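This report concerns only the one structure given below.
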Amino acid sequence: MDCTTYIEKYLSAHVDGELSGEELRDAEEHLAGCVNCRARFAEERAVKALLRERAAMLRTPPMVRGSILAALDAIDSADAPKGATRGRDRSAGADRAGWLTMRRARIWIPAALAAMLVFAFVILHGGSGTTPAQAIPPFDVAIDNYKQFVDHFEPNIKSNAPADISDAYMEHELPGFVWNFQRVGYKLVGGRVDRLPDGTPVAYTFYRGDTGTILCTYMKSHGLQPPPGELQQPDQPSGYAGEHHYYQYKGYRVCLSYPRSGCICILVTGQPMQEFIQDIVDSQP
């Protein structure tokens, strides 16, 4: 199976748990050897998790809800086989399998767009009750990728020299700062640039040491402000106080910062918080 086949025919159904036994085996076999599709899978899962969690916490405004449903209905109408009826009638007839295949191939696009609309609405209107125990989509993207990169990180920037990685990031209008965790005992494994479901670039820099690993994720901020639940910071070197925001999130340690206007930096590790903070402080120039 190639990447195009997986993304177009399997990705959405794979995330939703709708694949048959043989399809699931083929999909898992492809993901085992393809870091790009693993990243797409993680991003799709994070987007859909956001939809589920936000639906439970917020009442979507009628105008937004109506627009999303209308868009999905338009996709359904375009994808349904000629003469097919909506609702339960879809499940009947010999065309069902073909219709489902087409729907799997295309539904992930409007689903991702709908999720981004909900995310944007929550950020702009200050969604109530947001805490680190609930969904923070950028953190979810960073952590999902971190969990996969711990086992295998495949750079797509050919050089692992910090200057070359920095240039590659800036070419995609992302921050060019490359953290110097080498001075605290980590090896710079490399960097890669991918795309999120909304098409915006995201950069990953991965570090591996004797005591743990750190992932740096750069992405557009989409207006994200430091969420509630920030841990009390220890004293930091003069000039850095308030620049880093620390969180315990889903069993991981997270540092959020704003290296450049319109962008955020998310550092993720499985190390204890005090060690993580000290590594960040000691890596500063």
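The values are calculated or read from the model by the stated rules, or taken from the named source; none is laboratory data. Only a predicted model underlies this, so the values are computations on that prediction, with no experimental measurement involved. Note that we place each Cβ from the backbone using ideal geometry, even for glycine, and neighbour counts take in every protein chain shown.
The strands (runs of 3 or more DSSP E) found entirely in region 117-227 that carry 2 or more residues being of a type in the set (Ser, Thr, Tyr), under 13 Å from the mean Cα position of the chain (by Cα) and modelled with pLDDT of 95 or more are 213-220. For region 229-244, indicate whether the set of residues that are out of contact with any His (no Cβ under 9 Å at 6 or more places or on another chain), surrounded by 15 or more Cβ atoms within 10 Å (Cβ to Cβ) and within 29 Å of Cys37 (Cβ to Cβ) is non-empty. Looking through region 229-244, none of the residues is out of contact with any His (no Cβ under 9 Å at 6 or more places or on another chain), surrounded by 15 or more Cβ atoms within 10 Å (Cβ to Cβ) and within 29 Å of Cys37 (Cβ to Cβ).
Filtering region 195-211 to residues that are of a type in the set (Val, Ile, Thr) and farther than 20 Å from Ala168 by Cα leaves only Thr211. Identify the residue in region 132-167 that is among the small types (Gly, Ala, Ser) and crowded, with 20+ Cβ neighbours inside 10 Å and, among all such residues, is farthest from Thr200 (Cα to Cα). Ranking the candidates gives Ala135 first.
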